[in-house]
Amino acid sequence: MNSRKPRGSGRTPAVGRRGGPFQERDYQRQIGARRGAAGPREEAPFDEDAVPRTRGRRGRGAGAARAKAAHLDRIHDESGERLQKVLAAAGVASRRVSEDLIAEGRVEVDGVVVTEPGVRVDPATAVIRVDGISVQTDVTKQYFVFNKPRGVISTMVDPEGRPSIATYLKPGQEHLFHVGRLDNETEGLLILTNDGELANRLTHPSYEVPKTYVVQTRGPLAKGVSNRLREGVELEDGVAQVDSFKLVDSTPGHVLVEVVLHSGKNRIVRRMFQEIGHPVERLVRVKVGPILLGDQKQGTVRALNAQELGHLKALVGL
């Protein structure tokens, strides 16, 4: 494997270097970590009022208790692991905090809200959600974000020996595959995983996963450019349009814009800007669904955390 890395890998080029006139801080200001993902969704605890009641106070309480016990018996696996331990191992929270989440009725196992910390489950088969977000308990599945530098081929191995994704992976990560691709000159976020179902849904057009790009092009922008991109640009393979367009920065002769679109067609952003008379000078993908590139250095690979993975799966119905 050729370990040679392309010229320019590392941080964003400084003024006067290849990549345009914008300084590092200009890009970091636009593609830096943006916090504030949607907050957790509350799950209602076990509803005793929904249980058919018998006459008398004693019968009413006994009926609710029996119904609740039946639900717990259905999910309890005596040979399994304690639920709070499974949550801690999955990176959701510490055991102590996981116990609090369970007591507050925020944890669901196989569709049943659990409020008892003594429940045991099989992490290999149980479907666990916290605040409605799926928890990954299969330790064989791996999920990473790669910040692809310019000049790297979006493939695991290149027969011509050019720098590829595998150039940047550690031993034991060779079995991963990339979700979608970026062309040779485009930089930014690529998701790497061995979860075929998630990869398929993220790339399938029916799920319309939004992707956010920062584009550097010549300025000033012609009048009506934003409306034209939103309404649709006629390309050789059909009409393409952006979901949103925002001017984020400018310097004499150059502008930075942010566009969001869900199309996964080849070189779609470059072709759209070429068609409207503003060829792309530099292109960085900074977000896929809820996953942000943030201030991650070029050429590095990082693991998705439990919250990121949960929101990503929720986006595509997993």
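What do you reckon, is R162 open to solvent by 20 Å² or more (accessible area, probe 1.4 Å) and closer than 22 Å to L312 by Cα? Quick ask: steps written out before the conclusion?
Values: open to solvent by 20 Å² or more (accessible area, probe 1.4 Å): yes; closer than 22 Å to L312 by Cα: no.
When the stated conditions are applied, R162 does not pass them.
Quick one: count up the residues across the range 287-300 that are open to solvent by 30 Å² or more (accessible area, probe 1.4 Å), touching a helix residue (DSSP H, G or I) at 6+ places or on another chain (Cβ under 7 Å) and modelled with pLDDT of 95 or more.
The number of residues fulfilling the criteria is 1.
Which condition breaks for V257 when tested against (1) in the same structural domain as V280 (by the TED database); (2) open to solvent by 20 Å² or more (accessible area, probe 1.4 Å)?
It is condition (2) that V257 fails.
So is L309 touching a helix residue (DSSP H, G or I) at 6+ places or on another chain (Cβ under 7 Å) and open to solvent by less than 30 Å² (accessible area, probe 1.4 Å) or not?
No.
For the range 105-124, which positions are part of a loop (DSSP other than H, G, I, E, B) and either of a type outside the set (D, E, K, R) or under 27 Å from the mean Cα position of the chain (by Cα) (or both)?
Step one: of the range 105-124, the residues part of a loop (DSSP other than H, G, I, E, B) are 105-106, 110-111, 115-119, 122-124.
G105, R106, D110, G111, T115, P117, G118, V119, D122, P123, A124 - these are the residues of the range 105-124 that are part of a loop (DSSP other than H, G, I, E, B) and either of a type outside the set (D, E, K, R) or under 27 Å from the mean Cα position of the chain (by Cα) (or both).
Can you confirm whether H278 is in contact (Cβ under 8 Å) with a residue 60 or more places away in the chain, in the same structural domain as A222 (by the TED database) and either open to solvent by 10 Å² or more (accessible area, probe 1.4 Å) or within 11 Å of the chain's Cα centre (by Cα) (or both)? Spell out the reasoning first.
On the way: in contact (Cβ under 8 Å) with a residue 60 or more places away in the chain: yes; in the same structural domain as A222 (by the TED database): yes; either open to solvent by 10 Å² or more (accessible area, probe 1.4 Å) or within 11 Å of the chain's Cα centre (by Cα) (or both): yes.
The answer is yes for H278.
For the subset of the range 165-181 comprising residues that are in a loop (DSSP other than H, G, I, E, B) and closer than 14 Å to G299 by Cα, which member is least open to solvent (accessible area, probe 1.4 Å)? Steps first, please.
Initial filter on the range 165-181 (in a loop (DSSP other than H, G, I, E, B)): 169-176, 180-181.
With the extra rule that they be closer than 14 Å to G299 by Cα, the set shrinks to 169-170.
Details: L169: 27, K170: 134 Å².
Looking at residues that are in a loop (DSSP other than H, G, I, E, B) and closer than 14 Å to G299 by Cα, I get L169.
Look through the range 286-309, keep the residues that are in contact with a strand residue (DSSP E or B) (Cβ under 9 Å, 6 or more places away or on another chain) and of a type in the set (S, T, N, Q), and return whichever of them is farthest from V214 (Cα to Cα).
Q307
Taking the residues in the range 204-245 that are assigned to a strand (DSSP E or B) and open to solvent by 80 Å² or more (accessible area, probe 1.4 Å) as candidates, determine which candidate is nearest to I191 (Cα to Cα). So that I can check it myself, show each step before the final result.
Just the residues of the range 204-245 that are assigned to a strand (DSSP E or B), to begin with: 211-218, 233-235, 238-240, 244-245.
Now drop any that are not open to solvent by 80 Å² or more (accessible area, probe 1.4 Å), which leaves 218, 234, 239.
Numbers: R218: 30, E234: 29, V239: 27 Å.
The qualifying residue nearest to I191 (Cα to Cα) is V239.
Can you confirm whether the range 298-311 contains a residue that is more than 26 Å from G224 (Cβ to Cβ), among the polar types (S, T, N, Q) and in a helix (DSSP H, G or I)?
We begin by selecting, within the range 298-311, every residue more than 26 Å from G224 (Cβ to Cβ); these are 298-311.
Going one step further and asking which of them are among the polar types (S, T, N, Q), we end up with 298, 300, 305, 307.
Adding the requirement that they be in a helix (DSSP H, G or I) leaves 307.
For the range 298-311, residues more than 26 Å from G224 (Cβ to Cβ), among the polar types (S, T, N, Q) and in a helix (DSSP H, G or I): present.
Can you run down the residue pairs with Cβ atoms below 9 Å, 6 or more apart or on separate chains, where the first is in the range 293-309 and more than 10 Å from F146 (Cβ to Cβ) and in contact (Cβ under 8 Å) with a residue 12 or more places away in the chain and the partner is polar (S, T, N, Q) and surrounded by fewer than 17 Cβ atoms within 10 Å (Cβ to Cβ)?
The qualifying pairs are D295/Q28.
What are the residue pairs meeting all of these: first residue in the range 132-152, first residue over 23 Å from A166 (Cβ atoms) and open to solvent by less than 30 Å² (accessible area, probe 1.4 Å), second residue part of a loop (DSSP other than H, G, I, E, B) and β-branched (V, I, T), Cβ atoms under 7 Å, and 6 or more apart or on different chains?
V135/V92
Being of a type outside the set (S, T, N, Q), within 15 Å of L309 (Cβ to Cβ) and part of a strand (DSSP E or B) is the requirement here; does L192 meet it? Show your work before the answer.
Working: of a type outside the set (S, T, N, Q): yes; within 15 Å of L309 (Cβ to Cβ): yes; part of a strand (DSSP E or B): yes.
Yes: the conditions hold for L192.
The values are calculated or read from the model by the stated rules, or taken from the named source; none is laboratory data. Values in this document were obtained by computation on a predicted structure and should not be read as measured data. Glycine gets a Cβ as well: all are built from the backbone with ideal geometry, and neighbour counts include every protein chain shown. Surface accessibility is based on the protein's heavy atoms, side chains included, excluding ligands, DNA and RNA. Shrake-Rupley method; radii C 1.70, N 1.55, O 1.52, S 1.80 Å.
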